[in-house]
1. Just to check I understand the Karplus step: with θ = phi - 60° and J = 6.51 cos²θ - 1.76 cosθ + 1.60, what whole-Hz values come out for region 102-117, glycine and proline as x?
2. Would you work out which of S175, L81, A142 lies farthest towards the positive end of the dipole of region 59-202, given +1 charges on the beta-carbon of Lys and Arg and -1 on that of Asp and Glu, about the Cα centre?
3. Across region 194-202, in residue order, what do the Karplus-derived ³J(HN,Hα) couplings come to in whole Hz, using 6.51 cos²θ - 1.76 cosθ + 1.60 with θ = phi - 60° and x for Gly and Pro?
4. I'd like the distance separating the alpha-carbon centroids of region 171-193 and region 121-143, in whole Å.
5. What are the ³J(HN,Hα) couplings of region 56-69, residue after residue, when phi is run through the Karplus curve with 6.51, -1.76, 1.60 and θ = phi - 60°? Round to Hz, x for glycine and proline.
6. Can you give me the orientation-averaged projected area of the convex hull built on the Cα atoms of the chain, in nm²?
7. With each pseudo-label sitting 7 Å past Cα toward Cβ, what's the T176-T83 distance in nm, one decimal?
Amino acid sequence: MAAEKTSRRRSAQERRDDLMDAAIVVMSRGGVAAATTRAIAEEAGVPQGVFHYCFRSKDDLVTALFEREIARSTARTGSALSTFPDVRRGVAAALEAQLALVRADPDYYLAMAELSLTIARTPAGPALAVWEQEQYRTRAQAGLEAWSAEHGLTWSAPLEHVASFLVALGAGVTSTWLSDRDDARAESAVAVATQALDALAQR
């Protein structure tokens, strides 16, 4: 069975996932500058030509990394939010879910944070950085809209602003934790953030 699994031809999506995982390993070890297409292919154990078969360019891989992380994190936080009908418990669950992801794999999230900052400083990077944040805000707003409608919640501020605030809170809590690894401080920040958002909700 193991031999059969090893010899099985990997799909294009599996190859893409392998290369994205390899890019994270390279960046975690040597920083974003170390993540050349050659280094990524070597880490994945494939010829460099496989990289260019799977991705048009390194920028294409970076975009794919962001897309994968946005989908994963928003799915996790959205699921946590929907577990509870009230703002305090729902928002707390969403923020704690995001924090749990970061706690579980801090090296990965440090690499992604460095990648985001590096991209923002490159000539073509700001557009991608704006797109990344807009994806988080748009998905947060859609989740809040559906959840609010289900539980009869309205907001004293435009939901677009509430979603932006929630995204900023999540980013702040997780980036601070990555710096100090202080669980108690992070949990206190989540509690205060939950109170602030609860004050905007109307039932």
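Just so it is clear, none of the values below were taken in a lab; they were calculated from the coordinates. Predicted model, so just to flag it, every value in this text is computed and none were measured. Glycine gets a Cβ as well: all are built from the backbone with ideal geometry, and neighbour counts include every protein chain shown.
1. Coupling constants for region 102-117: 5, 4, 6, 8, x, 4, 4, 6, 5, 5, 5, 5, 5, 4, 4, 5 Hz.
2. L81
3. These are the phi-based 3J(HN,Hα) values: 5, 4, 5, 6, 4, 5, 8, 8, 10 Hz.
4. 22 Å
5. Each residue's phi maps through the Karplus curve to give 5, 6, 5, 4, 5, 5, 4, 4, 5, 4, 5, 4, 5, 5 Hz.
6. Details: hull surface 53.9 nm².
One quarter of the hull surface, i.e. the mean projection, equals 13.5 nm².
7. 2.2 nm
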